[in-house]
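The values are calculated or read from the model by the stated rules, or taken from the named source; none is laboratory data. A quick note: this is a predicted structure, and the numbers were derived from the prediction, not measured. Positions of Cβ are generated from backbone atoms using ideal geometry, with glycine treated the same way; all protein chains shown enter the neighbour counts. Remember, those area values only see protein heavy atoms, side chains included, never the ligands or the DNA or RNA. Shrake-Rupley method; radii C 1.70, N 1.55, O 1.52, S 1.80 Å.
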Amino acid sequence: MILLRSREMSGLARVVAIFGAGRIGLALAGRIAVRLDLEGEVLPLDWSSRGGQVRDLGAIARSIERELERPGGRLDVVWSAGRARFAATESETALELESFERVFGTVRALASNVPGTKPRFHLVSSAGGLFEGQRGVEPDTRPAPRRPYGRLKLRQERLLLDGTGIDGRRIYRLTAVYGPILPYEGKGLIETLGYNALTHRTTSIYGTPSTLRDFVWRDDVVRFLADAIADSGTRCEAVATLASARPASILEIQRMIESGLRRRAYLVFSTSRADRADITYSPALAPPGWRPADLSSTVHRICREALGGRRDRPWGSRGSANLDRPPPNGGTPWISTLR
């Protein structure tokens, strides 16, 4: 996990604990570090064993408590973790739910142990998991998850909303997030198509050419989350669905990639019917301050950057640590300092 904190010379204690060092967590850490002038490090957190995780969470809690002993303590916790994907099994999602419960319990204990601390919890959830197969999802549309993954996300949301000891709760339901075309990051449809086209590989697709999905640019998501965290006066008692409300078919994405990279993208479609259903969203879902980028222009930009070999700098500041480079030996990315 990534722990960001105020510098020693700062008068007030500001702590941001980010559980999940994937493409959203890392980019968010960099943006928050620059915006709030925080320094940070990666603290170990065992995701494979209960005993190891309990031990590591205890050490993390002690580190946070030391920071919050300074005046004006403010703690924001972000959950963007999880190895479970859309096709995860019940056993995989059950393990992830246990991890979430332990982290959430640790945060609630911190609120009790450190007087005056009223932590805010920011949960990254999944609109696709909650509304699979639904078209034109509106603000009053009820989640109806079809898979263990969607049920996991709904359970996490309910645990957060029902929990006590938390000053602010905000849930971010994301549609399909895409980022730069990089060989070492987790990849969704757009990045996979782009990377495979560059490396002359065929992409296996679950769906049909006409299947509709909603795509949002990673940096737009990160900016929105950073704004909510930086605004200390906001209680964040809300559920925000971050969607472009501009559905695109798989065939349309293929044509964008081919145009941007100036080469063919080869696809093989699965015969399974499980992933053929469209998932689309109404513009009425857009929360205040949400400004999604244009899909076509952003896809063409990341294609140009991939062709030019540009290294991704998600926070774009001079002196930032190279968190965008592949982790050594395939391990967890590290941070010595974020500035």
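Quick notes on this one:
- The charge dipole of the chain, taken about its Cα centre with unit charges on the Cβ atoms of Lys, Arg (+1), Asp and Glu (-1) only, comes to about 540 debye.
- Per-residue SASA entry for residue 266, accessible area with 1.4 Å probe, Å² rounded to 10: 120
- Listed residue (228, 48, 243) projecting farthest to the positive dipole end of the chain, Cβ model: 243
- Largest-first principal axis extents, alpha carbons of segment 70-145, Å: 49, 31, 15
- Listed residues 297, 80, 244, most fluctuating in the chain (Gaussian network, C-alpha, under 10 Å): 297
- Placing +1 on each Lys and Arg Cβ and -1 on each Asp and Glu Cβ, with no other charges, gives segment 147-231 a dipole about its Cα centre of roughly 440 debye.
- The chain, relative contact order in percent, only Cα pairs under 8 angstrom and at least six apart counted: 20
- Accessible surface, segment 3-129, averaged per residue in Å² (probe 1.4 Å): 43
- With Cα atoms, 0 to 90° folded angle of helix 189-198 axis to the chain main axis: 60
- Anisotropy class of segment 257-306 from Cα gyration tensor, a/c 1.5 cut: oblate
- Heavy-atom accessible surface of segment 124-272: percent carbon and sulfur, 1.4 Å: 48
- The chain: angle of helix 218-230 to the longest principal axis, Cα-based, in degrees nearest 10: 20
- Between 0 and 90 degrees, the angle of helix 23-36 with respect to the longest Cα principal axis of the chain falls at about 50 degrees.
- With kT/(6 pi eta Rh) evaluated at 37 °C and eta = 0.692 mPa s, and Rh the Kirkwood radius from Cα pairs, the chain diffuses with a coefficient of 158 µm²/s according to Stokes-Einstein.
- Peptides 32-41, 156-165 ordered by average Cβ neighbours within 10 Å, highest first: 32-41, 156-165
- Think of the chain as a dipole: +1 on every Lys or Arg Cβ, -1 on every Asp or Glu Cβ, centred on the Cα centre; then among 296, 73, 105, 296 lies furthest on the positive end.
- For residue 269, the solvent-accessible surface with a 1.4 Å probe is about 70 Å², rounded to the nearest 10.
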